[in-house]
Amino acid sequence: MTWSPALEGADAARARAVVAEVAEELARRDVVDPSLGFGSAAVAMLQGYRALAGEADEAEVTATLERVLERITDRPNPWLFSGYAGIAFTAHHLADVIGPTDELLADLEPLIVQPLAAEQWKHEWELQSGLIGLGVYVHTRGLTEQLHRVISHLAARAHREVSGLTWLTHGSADNYNLGICHGVAGAVAFLATICADPTMGVGAEPLLREAVPWLRACERTHGVPTYPMELGAPSPLQDLVGGKIQNLDGWCYGDPSTALVLVRAGQAIDEPGWVEAGRAIARRAAARTDDELATVVMDQTFCHGRIGRAHLFHHLAVLLDDADLMVAARQWYLRALDDLALDTPDVGLQTGLSGIALALLGSYRAEAPRWGRALLIT
């Protein structure tokens with residue numbers, strides 16, 4: 001795909017100014033958490049992409065990453081969003097800015113891949129704090145043997161049903177999480193990423209061909225979003241707000257991300273029916289009115305907020321060469337700019353200021369935002 005900006009002219013200038021304002025705000029923060037999902041590794045990622053765009057000093061990136069490494073043992077786990085894999089992912093992506101990172105990665109990778117050596121996978125299998133997140137890292141680094149282990153563990157955890165292959169929520173016998181962050185859409189997105197890489201397919205295609213039909217069978221004809229957050233017995237993953245379960249429709253759960261997952265899966269193994277299904281879901285989501293979205297929790301975060309919807313519609317517009325979806329992306333970017341507040345304490349990629357600013361940076365730049373691989377959107 002050839003990335004193209006969604007915002008131009010005065011709108012792009014406004015977004016650029018807000019990104020600079022966010023960067024200034026982050027520079028004033030003393031961030032303790034070193035992680036990519038929630039802490040200073042995300043700040044370093046933002047600074048790195050701003051440096052590549054000529055909007056930041058490369059020395060700031062190096063200094064921030066050094067502070068990340070000083071606190072690395074504060075999060076002694078291998079996971080992508082909260083631990084070593086996310087920090088290593090960040091360093092790898094910033095090599096063009098900070099220089100070679102081979103020594104650092106050589107130190108971190110044994111800590112990241114060690115769980116994969118287990119005969120049976122006993123941890124979460126999800127993206128945020130589990131197997132798929134490690135899979136994202138080892139694929140990014142081209143670690144073929146470890147990627148084989150990831151696929152093998154994922155296959156062993158799969159559950160076969162009439163409509164296809166799926167994965168039960170970790171620790172549950174009767175719940176299926178459908179989201180990209182914690183659930184089946186994330187498994188499909190990861191498998192699609194592997195299948196799209198001709199050098200590292202490692203047996204992912206059979207799993208993908210059986211998983212997509214199961215996911216598509218979850219589509220409902222009523223309600224917003226079209227794809228519910230989960231099926232089966234309620235899980236404790238969903239927070240209670242005012243006594244009601246959150247209804248989310250963004251990146252973590254819902255139609256924009258599920259549409260992108262189906263499009264990427266279809267393009268990865270040449271299944272045009274999946275691509276068109278994703279297009280239909282994306283167009284339906286883009287056309288929804290505020291009244292239709294009234295039941296959806298919508299904030300400013302990438303995870304389940306306005307900026308995340310904008311960035312997902314932007315990716316869909318580029319992948320599908322769809323002008324209507326680009327209009328939707330532009331509209332959601334502008335809504336995100338209108339409603340942005342800098343007083344949130346969260347600085348990370350998923351629900352913090354760094355994720356917001358990285359998405360805004362992608363709104364006006366012509367270079368594809370490769371950091372999206374951590375969120376399974378590229």
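Quick look at the values:
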item: Estimated vicinal HN-Hα couplings, Hz - the range 84-99 in sequence order (Karplus 6.51, -1.76, 1.60; Gly, Pro = x); result: 4, 4, x, 5, 5, 4, 4, 4, 4, 6, 9, 4, 5, 9, 9, x
item: Two-site label geometry, residue 174 and residue 74: point separation in nm, points 7 Å out along Cα→Cβ; result: 4.2 nm
item: Potential extension, residue 102-residue 233 segment - 0.36 nm per residue separation minus Cα distance; result: 42.6 nm
item: ³J(HN,Hα) computed for each position of the range 334-349 - Karplus, 6.51 cos²θ - 1.76 cosθ + 1.60, integer Hz, glycine/proline x; result: 5, 5, 4, 5, 5, 9, 6, 10, 9, 8, 5, x, 7, 10, x, 6
item: Residue 276-residue 196 FRET efficiency (beta carbon distance; Förster radius 30 Å; 0.05 resolution); result: 0.95
item: Percent carbon-and-sulfur accessible area, the range 119-168, ignoring ligands, DNA and RNA, probe 1.4 Å; result: 43 percent
item: Antiparallel bridges, percent of DSSP beta bridges restricted to the chain (to nearest 5); result: 90 percent
item: Spin-label model distance (nm) - residue 331 vs residue 161, 7 Å beyond Cα toward Cβ; result: 3.3 nm
item: Chain lengthening between residue 343 and residue 17 when straightened (0.36 nm per residue, less Cα-Cα); result: 115.7 nm
item: Label point at residue 368 placed 7 Å out along Cα→Cβ; residues across the range 279-321 whose backbone nitrogen lies under 19 Å; result: 279, 311-321
item: Probe 1.4 Å - accessible area at residue 57, Å² to nearest ten; result: 80 Å²
item: Solvent exposure, largest accessible area first (probe 1.4 Å, DNA, RNA and ligands not counted), of 25, 367; result: 367, 25
item: Ranked order, 75, 16 - accessible area, probe 1.4 Å, largest first; result: 16, 75
item: Amide H partners (placed H, <5 Å) of residue 126, local residues excluded; result: 131, 132
item: Highest-fluctuation residue, 337, 208, 36 considered, GNM on the chain with Cα pairs under 10 Å; result: 337
item: Estimated inter-spin distance, residue 4 and residue 297, nm [label 7 Å along Cα→Cβ]; result: 3.7 nm
item: With every protein chain in place, the range 243-310: carbon and sulfur % of accessible area (1.4 Å); result: 50 percent
item: Probe 1.4 Å, accessible area per residue of the range 1-158, Å²; result: 43 Å²
item: Within the accessible area of the range 335-378 (1.4 Å probe), percent carbon and sulfur; result: 47 percent
item: Added length on full extension, which subtracts the Cα-Cα distance from 0.36 nm per residue, residue 145 to residue 321; result: 59.8 nm
item: Calculated from backbone phi, Karplus (6.51, -1.76, 1.60) coupling profile of the range 253-261 in Hz, x at Gly/Pro; result: 9, x, 6, x, 6, 5, 4, 5, 4
item: Highest-fluctuation residue, 82, 152, 35 considered, GNM on the chain with Cα pairs under 10 Å; result: 152
item: Top of 85, 106, 368 by mean-square fluctuation, Gaussian network on the chain, Cα under 10 Å; result: 106
item: Label point at residue 29 placed 7 Å out along Cα→Cβ; residues across the range 328-352 whose backbone nitrogen lies under 16 Å; result: 340-352
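The values are calculated or read from the model by the stated rules, or taken from the named source; none is laboratory data. This structure is a prediction, so every number in the text was calculated from the model and none was measured. Heads up, the Cβs are rebuilt from the backbone with ideal geometry, glycines too, and the neighbour counts pull from every protein chain shown. Remember, those area values only see protein heavy atoms, side chains included, never the ligands or the DNA or RNA. Shrake-Rupley method; radii C 1.70, N 1.55, O 1.52, S 1.80 Å.
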